[in-house]
Every structure is written in structure tokens, then in C-alpha cells.
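One structure is given below, encoded as C-alpha cells.
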Amino acid sequence: MNRRASVVLVRLVFAASLLGAAGGAGAEETASRAWKDVAELGFTNTTGNSRVATFEADNLFSYAWKRTGLELKGGALTSKEHGKTADEEYNASEKVTRELAGKLYGYERFGWDRNRFSGIRDRYNSFLGAGEELWSAPKDSLVGEAGAGYISEERPDKTDAFASGRLYVKCVHALSKTASVFQDAEYLYNFQDAADYRLNTETALLASISTNVALKASYKWKRVEKPAPGFIKDDTITTMALVVNY
């Protein structure tokens, strides 16, 4: 299957799943609609012997019906050295969830990203699966997801497309009424080459300074077991960001 056909396939899966979830929402859910938007902004600038500027922006828009939820994400990370772009990363994705029974839900997700840091020119991914809140306490929560889908990516050395499995967990612990720490991890399995897996993790501390504004310190670790030639397996990003929510 060539790259164009694989991209069409994941888009068709995305469209069919989205229409199915939206159609199931029904008129009875309209009364409880709610939306929320969270934006993160981070900037670093150095002058003198080193002149490097790094800018990071992320946005998450969510919309909730009675049993159906929609998430739209977008982000950018750029690094400039002496006024010229050194590296850059962009991503966009959507996710639809549908309550099935109790705390169990089904989901579909479609995403795109471009990551020059790790040699990814374009990557598309589409997944279908299920998730559940595995643990809930006054100060703690643990959510897990499992699914399967398709990944198509273009790298300097090759264009690859393969079926993939996905495991995801997220743990949140409240330190106080205004501060919390969370850890999430995502494992992507390559059914075509088991040794070529991907791993994405984030550890973060979030502290509110007002009703709509918070400060966030985060550490991200991304691993590609078989990277493109000239690139290493691991990328890490440490960020201090201002978070604004509506």
C-alpha cells in the first residue's frame, strides 16, 4: 500500500468514526453541552555567546455532550539560532469518545505531526479503541486506554506505513487545592517490525495562580527505537509554560 492510499484509509476511518459518534449523540444530549479551551505558552531566549530562541504553544479544545466528547489539539515547537530556524515540530489531532457502560468508553483518534527534531517529515496516525477510569480517589485518578490502528510516516530514508497497537495510561495526583502532578505514557507497537516501537511520556506539575491562569513545569521524553539515519533514539523537552483556560 503506497503512502497516498494509506493516508486516504486513515482519513476514511476517522470520518466514519466521527460521524458515527456524532450521530449517536442525539437531540437528547444538546441540553448538557459544555466547552472548554486550554492554551499553553512557553518561550526561552538566550543572548551573548549563544543566541537561541525557543517558542512552544499548545492548545486543547474540548466539547462535551451527555455521553459523547470531542477533543481538538494543536501544537508547535520552534527553535531559532542566530535568527534562523534550527528545528521545528508541529502537531494536530482530534479525538472522539463515547460512553459505553459505567466508566468504560470507546474512542477514535486521528492525528498528524511533523517533527524535524527526529527526522519526521509527515506522519499520520489513526486509532480505534476503548478506555476506562481504572482507579479513582479523592486525590488520585488513573485512566487506561488500548487500541489498534494505522501509522503512515515519511522520513528522509524511507516512507513507511504499518498497522499499530496502542497502550496509554495517565495518572493524576492532587497535591493541594491549587496544585497537581500528572504522568502519562503512550506505547505504540509496530506489527510490521516489533523492534521498531515508539514511546511518548510526559511528567508535569501544574499550579494555579488564579481562576483561569496556571504555571506548568513539564518534562517530555520521546523514543523511536529505530530512528532515521543521522538521528538518535531519544528526544527530551523540559518546559516552563503559562497555562490559560476558559
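Quick note: the coordinates plus some simple rules give every number you see, no bench work behind them. Computed from a predicted model, the values in this text were never measured in an experiment. Here the Cβ is made from the backbone with ideal geometry for all residues, glycine too, and neighbour counts use every protein chain on show.
Tabulated data
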{"read-out": "Fully extended contour minus Cα-Cα distance, from Ala92 to Ser210, at 0.36 nm per residue", "value": "39.6 nm"}
{"read-out": "13 Å beta-carbon shell around Val243, net charge (K/R +1, D/E -1)", "value": "-2"}
{"read-out": "Net charge, Leu72 excluded, C-beta distance under 13 Å - Lys, Arg +1, Asp, Glu -1", "value": "0"}
{"read-out": "Enclosed volume per residue, in Å³, of the convex hull spanned by Cα atoms of the range 97-192", "value": "116"}
{"read-out": "Loop sites in the range 180-215: chymotrypsin sites (Phe, Trp or Tyr not before Pro), DSSP, at most 16 other Cβ within 10 Å", "value": "Phe191, Tyr197"}
{"read-out": "Cross-link reach list, lysines versus Lys226, counting only Cα pairs under 28 Å and skipping chain neighbours closer than eight places", "value": "Lys73, Lys80, Lys95, Lys158, Lys170"}
{"read-out": "Rel. contact order, % - alpha carbon contacts under 8 angstrom, at least six apart, the range 155-224", "value": "25"}
{"read-out": "Loop trypsin sites (Lys or Arg not before Pro), the range 134-190, which have at most 10 other Cβ atoms in a 10 Å radius of their Cβ (DSSP)", "value": "Lys139, Lys158, Lys177"}
{"read-out": "Tensor-based shape of the range 3-245 (alpha-carbon gyration tensor, a/c under 1.5 rounded, otherwise prolate or oblate)", "value": "oblate"}
{"read-out": "Electrostatic dipole magnitude of the range 3-245 [Cβ: Lys, Arg +1; Asp, Glu -1; Cα centre; debye, to 20]", "value": "200"}
{"read-out": "Per-pair calculated FRET efficiency, R0 = 25 Å: Tyr197 and Ser141 via Cβ, rounded to 0.05", "value": "0.40"}
{"read-out": "Cβ-based net charge around Tyr189, under 12 Å, with every Lys or Arg adding one and every Asp or Glu removing one", "value": "-2"}
